[in-house]
Amino acid sequence: MIPSHITVEKANALCRNTMMETIGIQITEIGPDYLVATMPVDHRTHQPMGLLHGGASLALAESLGSMGSAFMVDTRQFAVVGLNMQANHLKSVKGGTVTGKGQIIHKGRSTHIWDITITGEEGQVISICRFTNFIKQIDQK
């Protein structure tokens, strides 16, 4: 599971100079088998109609699943590579903040599967996602 020495501060430090920082994703909570992050719904994450872009929701979901898996493996020996993302966007949102909670549901030797639920400020479900990572051994030659 996610080691207890991984803190919110350490996780957010890893986001510097990445897309996560650019669109405002902030890790807010880390548990043994889950991560929580927030993302603003503003000009950075809108689509042309002024609604939260589905791709921004997927970026939030993939960020949670990828980071969570990376925390669960020795990244000197294994690379975490996104393999598949499925999502259903259930509601639209125009502003404020959304929160994503990613929870691992399968931790195998070569695959990790995450369920991610994205909610609005009033708790309404905006998107539900399932994300699979491939855990690839790094060639040690």
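The values are calculated or read from the model by the stated rules, or taken from the named source; none is laboratory data. This is a predicted model, so every value here is computed, not measured. Cβ placement follows ideal geometry from the backbone for every residue including glycine, while neighbour counts extend to all protein chains displayed.
Quick one: would you say Met72 is hydrophobic (A, V, I, L, M, F, W, C), under 15 Å from Met1 (Cβ atoms) and out of contact with any helix residue (DSSP H, G or I) (no Cβ under 7 Å at 6 or more places or on another chain)?
yes
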Problem set entry | Total residues in the range 33-54, condition polar (S, T, N, Q) and either under 15 Å from the mean Cα position of the chain (by Cα) or crowded, with 16+ Cβ neighbours inside 10 Å (or both) | 2
Problem set entry | Qualifying position, being at pLDDT 95 or above and closer than 18 Å to Ile2 by Cα, among Ala37, Ala87 | Ala37
Seminar exercise, completed: Checked Pro32, Pro40 against criteria (under 20 Å from Thr117 (Cα atoms) and part of a loop (DSSP other than H, G, I, E, B)); the one match is Pro32
For this session: Output the residue which, of all residues in the range 108-141 that are modelled with pLDDT of 95 or more and of a type in the set (Asp, Glu), is farthest from Gly54 (Cα to Cα).
Result: Glu122
For this session: For the range 84-93, state whether one or more residues are under 10 Å from the mean Cα position of the chain (by Cα) and either in contact (Cβ under 8 Å) with a residue 24 or more places away in the chain or within 21 Å of Ile30 (Cβ to Cβ) (or both).
Result: no
Exercise. How about the range 77-92: which of its residues are closer than 16 Å to Val41 by Cβ and not in a loop (DSSP other than H, G, I, E, B)?
Worked result: His89
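When you check Thr97 against the structure, is it in a strand (DSSP E or B), without any contact (Cβ under 8 Å) to a residue 24 or more places away in the chain and surrounded by 14 or more Cβ atoms within 10 Å (Cβ to Cβ), yes or no?
no
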For this session: Restricting attention to the range 3-32, report how many residues are under 17 Å from Thr75 (Cβ atoms), surrounded by fewer than 18 Cβ atoms within 10 Å (Cβ to Cβ) and touching a residue at least 60 places away in the same chain (Cβ under 8 Å).
Result: 1
